[in-house]
Amino acid sequence: YAYNHYAITQLIYYYVLHTGDRDFLAERVNGRTVLEWAREHAAYLDHPDTPVALIDYGANENLLELHRTDAYLHFVPSPNAERCWSYRAVDEMADWADVRSFGLTRRADQLAAVIHQKLWNPKARWFSALDTGGRPRLCYSIQIFDLLRQGILTADERAGLLTHLKEPEFLSPWGVHSLATSDPGYDETDVDWGGPGVYTGDAPQLVQDLLSADAFSEADDLLHRILWWGQRLPYFPQAIRADRPDYRHDGRANVIAGAEGAQAVIFGLLGCAVRSDGGIELNPHLPAFATDLTFTGFKIRGRKLDVALDRHGYRVAVDGQPGLTGAYGTGCIIPFPTATKN
């Protein structure tokens, strides 16, 4: 599957970042360190001794398995863009492990330039895929919005993508469509990726991506549209519809991707980010439709955090001790404790 190697790189990176277990990177598995395996997965199908180029990620069975269009195949924007994040993450992990850098950050910058040059369509304000003959193909898939979190978009590209996040193109009163309703490949029978709905993790993930890209009004709007999930669904199934308040009845009854909702709240609305020095940065966001929010008993990196948000700003209690206050748009940093509490 085209995203496996990106997922493995993320799992290693965020495990070490969130636990501080840097020794893990030096553990050996089948003759290589975990860090070396991370580099292997990040650079899968790439050849570091050759010029940077887009990777052919294969056909339908490797990607979104769309039934009524072949426009999202082969040299696709995502996961080519995810390689930029993975390369930078591996170099950062090399620094954590105190070993020589692999020099992948420069390659990430070069790859981003190739993506801009070969895949951005300024007229459509969207990213194309290239078929095996190098011909551009436009597919208005929710997958393109994943580029918001890869740190490679220009201001014009970011603004261009956001112009498509509207009714009736991608949005409806009940959420976001996985394929734009105007796309020729829109498939009423494919809830997950073909248009009528989304694979369950994708809508809250997009909320988090929008927040990370400072697209606050768009994030608030989408979050408000999917709040019915928590009101009507006892648990989150494989795919949830956007064309009506319903879900995919022939899919899995529940999926781990449902945890993305919590992730979007913690790392999106709360703006939580663990720093490489072990400190915790908070930069909360109060949605426009809410008057207040509270986060109680959140534990990360040996700290217990209680955070309250209202229209005046936010307040943070650390390990039961109140005192930190802040205004929206201004984050605060909680240092790593001298003694970790379990």
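The values are calculated or read from the model by the stated rules, or taken from the named source; none is laboratory data. Computed from a predicted structure; not experimentally measured. FYI the Cβ positions are ideal-geometry reconstructions off the backbone, even for glycines, and counts take in every protein chain you see. For the accessible areas, the whole protein counts, side chains as well, though only heavy atoms, and no ligand, DNA or RNA atoms are used. Shrake-Rupley method; radii C 1.70, N 1.55, O 1.52, S 1.80 Å.
Please determine whether any residue of the stretch 141-149 is more than 20 Å from residue 59 (Cα to Cα), hydrophobic (A, V, I, L, M, F, W, C) and assigned to a loop (DSSP other than H, G, I, E, B). No, because not a single residue in the stretch 141-149 is more than 20 Å from residue 59 (Cα to Cα), hydrophobic (A, V, I, L, M, F, W, C) and assigned to a loop (DSSP other than H, G, I, E, B). So, of the residues in the stretch 243-271 that are of a type in the set (Gly, Ala, Ser) and crowded, with 16+ Cβ neighbours inside 10 Å, which turns out to be farthest from residue 169 (Cα to Cα)? By that ranking, first place goes to 271. Checked against (1) more than 20 Å from residue 60 (Cβ to Cβ); (2) at pLDDT 95 or above, residue 193 passes all but a single condition, namely (1).
Criterion applied to 113, 94 was being open to solvent by 50 Å² or more (accessible area, probe 1.4 Å), modelled with pLDDT of 95 or more, in a helix (DSSP H, G or I) and out of contact with any Pro (no Cβ under 7 Å at 6 or more places or on another chain), and the one residue passing it is 113. Limited to the stretch 146-166, what total is found for residues that are in contact (Cβ under 8 Å) with a residue 60 or more places away in the chain and under 16 Å from residue 181 (Cα atoms)? Adding up the residues that qualify gives 0. Listed by first and then second residue, the pairs with beta-carbon distance under 6 Å, at least 6 apart or on different chains, first residue in the stretch 1-17 and in contact (Cβ under 8 Å) with a residue 12 or more places away in the chain, second hydrophobic (A, V, I, L, M, F, W, C) and outside any helix (DSSP H, G or I), are 2/63; 17/274.
Evaluated against (1) open to solvent by 60 Å² or more (accessible area, probe 1.4 Å); (2) at pLDDT 95 or above; (3) over 25 Å from residue 333 (Cα atoms); (4) among the aromatic types (Phe, Trp, Tyr), residue 216 falls short on exactly one condition, (3). Restricting to the stretch 5-54, and then to whatever is β-branched (Val, Ile, Thr) and under 19 Å from the mean Cα position of the chain (by Cα), can you tell me which residue is surrounded by the most Cβ atoms within 10 Å (Cβ to Cβ)? Here the residue is 9.
Selection within the stretch 326-341: residues that are at pLDDT below 90 and not aromatic (Phe, Trp, Tyr). The member of this set that is nearest to residue 283 (Cα to Cα) is 335. Residue count for the stretch 124-180 satisfying the condition of being of a type in the set (Asp, Glu), loosely packed, with under 14 Cβ neighbours inside 10 Å and over 16 Å from residue 77 (Cβ atoms): 1.
For the stretch 73-91, give me each residue that is under 30 Å from residue 196 (Cβ atoms) and open to solvent by less than 10 Å² (accessible area, probe 1.4 Å). The answer is 76, 77, 78, 79, 80, 81, 82. Taken over the stretch 289-317, residues that are of a type in the set (Gly, Ala, Ser) and under 22 Å from residue 220 (Cα atoms) amount to 3.
None of 218, 167, 188 is outside any strand (DSSP E or B), farther than 10 Å from residue 142 by Cβ, touching a helix residue (DSSP H, G or I) at 6+ places or on another chain (Cβ under 6 Å) and of a type in the set (D, E, K, R) except 218. Hey, any hits in the stretch 32-54 for a residue that's assigned to a loop (DSSP other than H, G, I, E, B), within 15 Å of residue 131 (Cα to Cα) and in contact (Cβ under 8 Å) with a residue 12 or more places away in the chain? Yes; the residues of the stretch 32-54 include at least one that is assigned to a loop (DSSP other than H, G, I, E, B), within 15 Å of residue 131 (Cα to Cα) and in contact (Cβ under 8 Å) with a residue 12 or more places away in the chain.
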